[in-house]
Amino acid sequence: MAEVILGKDVSAEVYAELRTRIERLKSKGVTPGLAVVLVGDDPASQVYVRKKGEMCEELGMKSITIRMPADTTQEQLMAKVDELNKDDSIHGFLVQLPLPSHLDEEAVINAIDPNKDVDCFHPSNVGRVLIGNPDFLPATPAGVVQILIKAGVDVSGKHAVIVGRSNIVGKPMAAILVQKGAAADATVTIVHSHTKNLPEITRQADILIVAIGKPRFITADMVKDGAVVIDVGTNRVEDPTSPKGSRLVGDVDFDNVKEKASVITPVPGGVGPMTICMLMANAVKAAEKASEVKQ
Ligand code: GUN
């Protein structure tokens, strides 16, 4: 039976350190400021954005949420990005994705000042992660790394199999784990929807990181005995027994896989809380960098 790692336990240590850094910044007259831009009214995005704002407030950071209507034009959104790039009280900001389909996400990401890009989505920040000289780390993969450290997983030389090749999770996760250094030095394989014999490869994983967006995609027969299993998926599925009529499940069949794994993260409560935590870490880092430049 696996050890179940909860994001709230891992994030508590990170938050304690962030609070100290925020106090230090405030003693120099700098209040770290994070802005989140939300276009339209996607229900899941509304929840994520609210949680980000609440966490900023809890940490004593400045928090701005900018809500724009679903029919916002590209020009209006680009003007907002430009305004935030120039606002000295905002050290980091992000534009919540997905955007309504008439908007060009890539153009928006490219327009964000890389020094304020707390999502680490701008091509220059993505490139820095790839060459092993990052300013920011993308929040979800960075949260997974913190979980591996907290669980005492020795990553060096292990076979890490990543299921999913998104720009937000799969690709940067691979880039981070393959680097030289602590909590890295892994042998990395990415599998995806076109991979042949996918279960054969997942069964070779010492560390299996799943971010494919399919409910309970990874079943117990696809997992090696004693593997470390990190579930990044968040899928809403129908559940007539729940008052809401639905509930969240991961990409891993948790109940069965936990019998085989040595370490596992649940959904909800595993990687999710770490993503917000690492976003806050990036916002604090952006404020520290900006205040160093000013001195
Ligand atoms: N949508 C889902 N996850 C994310 C994220 O980490 N950042 C942004 N900007 N949008 C998202």
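The values are calculated or read from the model by the stated rules, or taken from the named source; none is laboratory data. Keep in mind that this is a model prediction, so the values were computed, not measured. Note: ideal-geometry Cβ built from the backbone for every residue, glycine included; neighbour counts use all protein chains shown. Protein only, heavy atoms only, side chains kept; ligands, DNA and RNA dropped before computing areas. Shrake-Rupley method; radii C 1.70, N 1.55, O 1.52, S 1.80 Å.
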Whole-angstrom gap from segment 133-195 to segment 48-68, using each part's C-alpha centre: 27
Area accessible to solvent at LYS158, 1.4 Å probe radius, in Å²: 70
ASP255 versus ASN167: modelled label distance in nm, points set 7 Å from Cα along the beta carbon direction: 3.8
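With every protein chain present, what is the per residue accessible area of the chain (1.4 Å probe, Å²)? Mind dumping the intermediate values first?
Details: 13890 Å² over 295 residues.
That works out to 47 Å² per residue.
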Degrees between helix 7-27 axis and first principal axis of the chain (Cα, 0 to 90, nearest 10): 20
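If you stretched the chain out fully between ASP82 and SER193, how much longer would it get, using 0.36 nm times the residue separation minus the C-alpha to C-alpha distance? Don't skip to the answer; put the middle values down first.
Working: separation 111, 0.36 × 111 = 39.96 nm, distance 3.71 nm.
Result for the pair: 36.2 nm of gain on full extension.
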Accessible surface ranking that places the most exposed of LEU97, LEU18 first, with a 1.4 angstrom probe: LEU97, LEU18
C-alpha center-to-center spacing [segment 75-89, segment 244-295] in angstrom: 28
Straight-distance crosslink candidates among aspartates and glutamates, where the alpha carbon sits under 19 Å from LYS86 and sequence neighbours closer than 8 are dropped: GLU75, ASP113, ASP117, ASP119, GLU288, GLU292
For q = 0.19, 0.20, 0.29 Å⁻¹, Debye-computed log10 I/I(0) when each Cα of segment 151-191 counts as one equal scatterer: -0.49, -0.54, -0.96
Of all DSSP beta bridges in the chain, antiparallel share, percent nearest 5: 10
Electrostatic dipole magnitude of the chain [Cβ: Lys, Arg +1; Asp, Glu -1; Cα centre; debye, to 20]: 440
In Å², nearest 10: area of THR265 left accessible to a 1.4 Å probe: 0
Cleavage-rule hits, GluC sites (Glu not before Pro), segment 166-265, DSSP coil, Cβ neighbours within 10 Å at most 15: GLU259
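Ignoring ligands, DNA and RNA, what percent of the 1.4 Å accessible area of the chain is carbon and sulfur?
52
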Sequence of TYR48, TYR15 from largest to smallest accessible area, 1.4 Å probe: TYR48, TYR15
Built amide H within the under 5 Å cut-off of ALA35, gap 5+: ILE64, GLY92, PHE93, LEU94
